1. Between Arg205 and Thr294, what's the calculated FRET efficiency when r is the beta-carbon distance and R0 is 35 Å? Round to 0.05.
2. How much net charge surrounds Asp260 when only other residues with a Cβ under 14 Å from its Cβ are counted (Lys, Arg +1; Asp, Glu -1)?
3. Between Arg62 and Gln271, how many nm apart are label points set 7 Å from Cα along the C-beta direction?
4. In angstroms, what radius of gyration and Dmax does the chain have, counting Cα atoms only?
5. Compute the length gained on full extension between Thr53 and Asp72: take 0.36 nm times their separation in residues and subtract their Cα-Cα distance, giving the result in nm to one decimal.
6. Would you please give the FRET efficiency between Leu21 and Leu162, computed as 1/(1 + (r/R0)^6) with r the Cβ-Cβ distance and R0 = 30 Å, to the nearest 0.05?
7. Which of the listed residues, Leu235, Thr43, Asn71, is farthest toward the dipole's positive end in the chain, when Lys, Arg count +1 and Asp, Glu count -1 at the beta-carbon?
8. What value does the stretch 152-195 have for Rg/Rh, both radii from Cα atoms and Rh as Kirkwood defines it?
Amino acid sequence: MTESDLQTHATEIHEQFSDQLDVSVEEIQDRLETLVNEYKVPTSEARRSVVNTYLDEAGMERDDLGGGGGNDRVDVSDIDSPEEWVDLTAKVVELWEPNSDAVAQVGLLGDETGTVKFTKWSKSDLSSLEEGEVYDLRNVVTDEYQGRFSVKLNRTTTIEHLDEEIDVGEDAVEIEGALVDIQSDSGLIKRCPEDDCTRVLQNGRCNEHGEVEGEFDLRIKAVIDDGNDVHEAILDRELTEELTEITLDEAQEMAMDALDTSVVADEMHKQILGRYYRITGPTYGRYVLADEVTRVDGPADPDAVLIKARSI
Ligand SMILES: [Zn+2]
């Protein structure tokens, strides 16, 4: 290990703490040299140890550490690995209720390429983000939990409000699991025929337009259990016909024969309940709006899945 290598490490560490601590590059280099040369500690180990010492001195967590400037400026959809220090411009799409005192704000950031969850720590002392506003965010760190990425705003993050508008892109999600339930107002439904309305009628009435002559349509509001969580997905007429092999015409005939539209949903239950599907599509509120549905292999015994799902 040459002295200049240690000097490089010392300079980088110095940059990370320059705002918080009054410490010189030479002092940091001395510490590194002692560990590496006298105690024969590997350089990476020495660096971690020295950084920990200064974290303690500054009362900071490792999460608070900046990358020392020169971050990549990324699009939301580029975020695909944890512990990267990045800059991004994004709109606050939603704010959620924090479920811990350690979190000041939590919600969804978005840009043209998609959305990503963000967490802003309470002790970061940063200004408040407002829903619908666009910000330039520098020095945020990426994180990953169960394959989903997020960004953390910490003490070293800078926030600049921008007077801009961003059209947040849809980002498709993928869920895979057992179809454990079909919600009411699935099957053969009637929609309001008024221009641009298409609301589903309840007892022949549209919430907006009152009593109208509805138009028949098919859809499924499916509950999918992926083993950890349940998700709700909405399948349009095309996907419903494909999955159940019941066309809109056939559904109307079935309903007419029975003088009851609910026979259609009953028949659909028999076709798809307990089967496994992979569903992709953008999210809207709590629903996944299915663009694509593929049948996948699940466990051999579908009844076991249903029993498990009901006992959650
Ligand atoms: Zn209407």
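1. 0.45
2. Working: positive: Lys190; negative: Glu253, Asp257, Asp266, Glu267.
Overall, the nearby charge balance is -3.
3. Simple spin-label model gives 5.2 nm for this pair.
4. Here Rg and the maximum Cα pair distance are 27.3, 90 Å.
5. Residue separation times 0.36 nm, minus the Cα-Cα distance, leaves 4.1 nm.
6. The value I calculate is 0.45.
7. Going by the Cα projections, it comes out as Thr43.
8. Details: Rg = 21.2 Å, Rh = 17.3 Å.
Radius of gyration relative to Kirkwood radius: 1.23.
Since every read-out is calculated from the coordinates, none of them should be taken as a lab result. Remember, predicted model here, so these are calculated numbers, not experimental data. Note that we place each Cβ from the backbone using ideal geometry, even for glycine, and neighbour counts take in every protein chain shown.
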